[in-house]
1. I'd like the full set of residues that are farther than 16 Å from residue 172 by Cβ and not in a helix (DSSP H, G or I), limited to the range 51-67.
2. In the set 366, 408, which member is closer than 16 Å to residue 493 by Cβ and surrounded by fewer than 17 Cβ atoms within 10 Å (Cβ to Cβ)?
3. Limited to the range 350-360, what total is found for residues that are out of contact with any helix residue (DSSP H, G or I) (no Cβ under 6 Å at 6 or more places or on another chain) and within 11 Å of residue 311 (Cα to Cα)?
4. Quick one: in the range 68-97, which of the residues that are in a helix (DSSP H, G or I) and among the β-branched types (Val, Ile, Thr) is surrounded by the fewest Cβ atoms within 10 Å (Cβ to Cβ)?
5. Please pick out the residue among 383, 373 that is among the small types (Gly, Ala, Ser) and part of a helix (DSSP H, G or I).
6. Mind counting the residues in the range 547-578 that are touching a residue at least 60 places away in the same chain (Cβ under 8 Å) and of a type in the set (Phe, Trp, Tyr)?
7. Return the pairs, sorted by first residue and then second, in which the second residue is among the basic types (Lys, Arg) and at pLDDT below 90, the first residue lies in the range 367-385 and is within 14 Å of residue 504 (Cβ to Cβ), the beta carbons are less than 8 Å apart, and the residues are 6+ apart or on different chains.
8. Out of the residues in the range 284-294 that are among the hydrophobic types (A, V, I, L, M, F, W, C) and either buried (at least 21 other Cβ atoms within 10 Å of the Cβ) or closer than 14 Å to residue 245 by Cβ (or both), state the one that is modelled with the lowest pLDDT.
Amino acid sequence: MPETTPDKHQILKTIFGYDNFRPGQEEVIDALLGGSSTLAVMPTGAGKSLCFQVPALVLGGLTIVVSPLVALMHDQVAALKLAGVAAETINSSRSREDNVESWQRVARGETSLLYMAPERLMTERMLTAIQNLPISLFAIDEAHCISRWGPAFRPEYAQLSTLADRHPNVPIAAMTATADEATRRDIEVQLFRGNSKTFVTGFDRPNITINVENKSGWQNQLLEFVKERKGQNGIVYCLSRKKTEEAAELLNANGILALPYHAGLEKHIRAEHQDRFVTESGLVMVATIAFGMGIDKPDVRFVFHTDLPSSIEAYYQEIGRAGRDGEPADAHMLFGPADIALRRRFIENDGSDEDHKMREHKRLDTFVAYADAITCRRQILLAYFGDVSEPCNNCDICNSPLELTDGTPNAQLVLAAIMDTGQRFGQMHIIDVLRGSNSEKIRKFDHHNSACFGEGSGLNKPTWQSILRQMISSGLLKIDIAGFGGLHITDKGRDVSAGHQLFMYRKETLLTKDRPVSKTRAPAPHIELSSRDEKLLAALKKLRLKLARDKNVPAYVIFPDKTLIELAAIRPGNEDEFAQIKGVGQAKLKEFTQVFLTVIDEG
């Protein structure tokens with residue numbers, strides 16, 4: 001008799017060692033198993049990979065996974081192989097012989113998942129080679145890279161838009177943690193043809209404490225912050241290579257193990273530093289944005305930005321590298337006026353077309369409004385991606401409320417000027433109208449005849465800029481990034497305009513005022529460990545690190561921290577008891593039971 005096809009729950013338990021799916025996973029899996037192409041927007045750490053790995057194993061045949069980074073492919077394939085899954089990768093970091101051997105296994109039907117970069121998949125030679133293979137599913141990781149509306153557009157991803165035409169009966173799983181509404185619509189248009197579903201399971205990472213602090217001497221601020229977290233894994237982001245080296249030297253000189261990472265280092269040094277970061281504990285990576293995408297280290301306890309990131313999307317993705325294990329973590333950003341000017345120069349000098357530059361300036365406007373916010377930061381961050389939430393009580397603004405002034409008359413004047421000019425223009429033009437500027441643009445559009453022209457001449461330009469930023473961060477206005485960057489009035493803004501709601505603002509902004517920052521909120525641990533258990537946990541981590549180095553994989557690929565904590569608390573005494581621990585699938589049960597039971601027995 002032929003074997004029955006395994007169902008999704010059987011795969012989850014026997015391969016991955018879990019009894020239940022996380023919130024949002026099952027709906028995506030069911031859609032793919034039903035033949036629908038699917039866009040899944042899920043927060044970092046929510047288990048996006050499982051959403052295509054489980055359908056791949058249920059459907060059988062071959063699933064081709066598109067991933068932008070060699071490091072990510074290596075780690076995911078290593079994790080799958082340890083779980084007993086036939087996975088391969090073909091990429092530029094491997095020898096031709098190794099790639100050929102992997103391809104031969106694929107061609108013989110021995111492989112369930114094949115990982116490739118988009119530029120390798122979309123060559124005519126590879127497209128021809130896969131044409132007659134039994135492909136059940138395409139999975140595209142970091143799918144936001146296909147959208148020209150997004151800040152992380154990668155030209156090599158654009159070619160993926162032809163997959164649906166070449167393989168019309170094969171569903172496509174598009175996975176991302178970073179996509180606003182305009183980017184989501186663009187992904188759907190680019191990748192899907194007809195039958196598709198989109199799932200947005202929420203962007204919130206409630207375990208991350210969010211702080212923005214006025215920059216007043218970044219070296220001392222960084223050192224003070226990291227010293228309080230000595231022994232923890234963290235990432236420090238710097239804008240330049242020089243600053244990256246300087247920050248790493250500063251931390252090492254003060255007894256904190258830190259490694260630099262930037263594009264100016266030799267490739268083998270970058271690889272060595274990255275390998276140490278994912279396998280060791282208590283290490284701080286000081287990096288430019290060249291580091292991070294695809295780094296799946298669950299126990300990063302903090303992300304510190306010494307400079308302003310380029311956009312809300314970039315910021316969200318970067319802070320999302322903290323606390324993937326669900327435990328408390330910190331996101332701390334320094335912010336000063338010079339950052340804005342530097343970011344503006346970067347945009348102007350990046351060699352892109354004027355439309356792209358305009359959109360990046362508007363993204364920066366939105367992010368500066370977030371940094372200069374007067375209300376809960378998490379609410380603003382989530383609202384940008386279309387999520388609604390209550391105040392989080394886990395950011396600097398929630399935990400250190402600001403002194404606010406009634407700015408309703410000024411807000412109503414702004415709203416009237418925006419309405420008068422057709423909700424088509426950006427912040428600076430609206431300020432010029434309010435202040436009665438005699439600019440060429442004002443005359444061109446006849447805005448000197450607006451009823452609002454010159455009505456705000458009593459306030460200087462920086463004050464109006466602050467008011468508009470705070471109106472944006474408070475949800476009265478929205479910047480149309482996908483259009484021409486015009487300010488649009490929201491329902492909340494219309495309520496203020498009609499006098500149904502007040503607009504409260506701060507006269508002094510974060511740019512000119514120091515404020516206390518919030519401390520990491522520390523919820524009770526899921527499992528309480530005694531001192532004896534903690535000693536065993538340390539021994540289990542030591543064993544895990546040795547096994548990881550022997551196999552040349554990150555430590556979490558052997559077992560995540562949550563599995564080790566459960567092992568230390570429950571102390572299984574035999575294989576049957578070991579099999580009940582979360583994260584222990586059949587392949588790992590067979591390979592690792594005895595060696596871990598030996599350490600547990602000794603502890």
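The values are calculated or read from the model by the stated rules, or taken from the named source; none is laboratory data. Note that the coordinates shown come from a computational prediction; the quantities given were computed from them, not determined experimentally. Note that each Cβ is placed from the backbone with ideal geometry, even for glycine, and that neighbours are counted across all protein chains shown.
1. Selection gives 60 alone.
2. Working: 366 fails: surrounded by fewer than 17 Cβ atoms within 10 Å (Cβ to Cβ).
That would be 408, the only listed residue that is closer than 16 Å to residue 493 by Cβ and surrounded by fewer than 17 Cβ atoms within 10 Å (Cβ to Cβ).
3. 1
4. Kept after step one, since they are in a helix (DSSP H, G or I), are these residues of the range 68-97: 70-82, 96-97.
Okay, now just the ones that are also among the β-branched types (Val, Ile, Thr), so 70, 77.
On the way: 70: 17, 77: 23.
Per the criteria, the residue is 70.
5. Testing whether each residue is among the small types (Gly, Ala, Ser) and part of a helix (DSSP H, G or I) leaves just 383.
6. Residues in the range 547-578 being touching a residue at least 60 places away in the same chain (Cβ under 8 Å) and of a type in the set (Phe, Trp, Tyr): 1 in total.
7. Close Cβ pairs satisfying both conditions: 374/506.
8. Let us first name the residues in the range 284-294 that are among the hydrophobic types (A, V, I, L, M, F, W, C), namely 284-287, 289-291, 293.
Now drop any that are not either buried (at least 21 other Cβ atoms within 10 Å of the Cβ) or closer than 14 Å to residue 245 by Cβ (or both), which leaves 284-287, 290-291.
Details: 284: 96, 285: 95, 286: 96, 287: 93, 290: 65, 291: 73.
Ranking the qualifying residues of the range 284-294, first place goes to 290.
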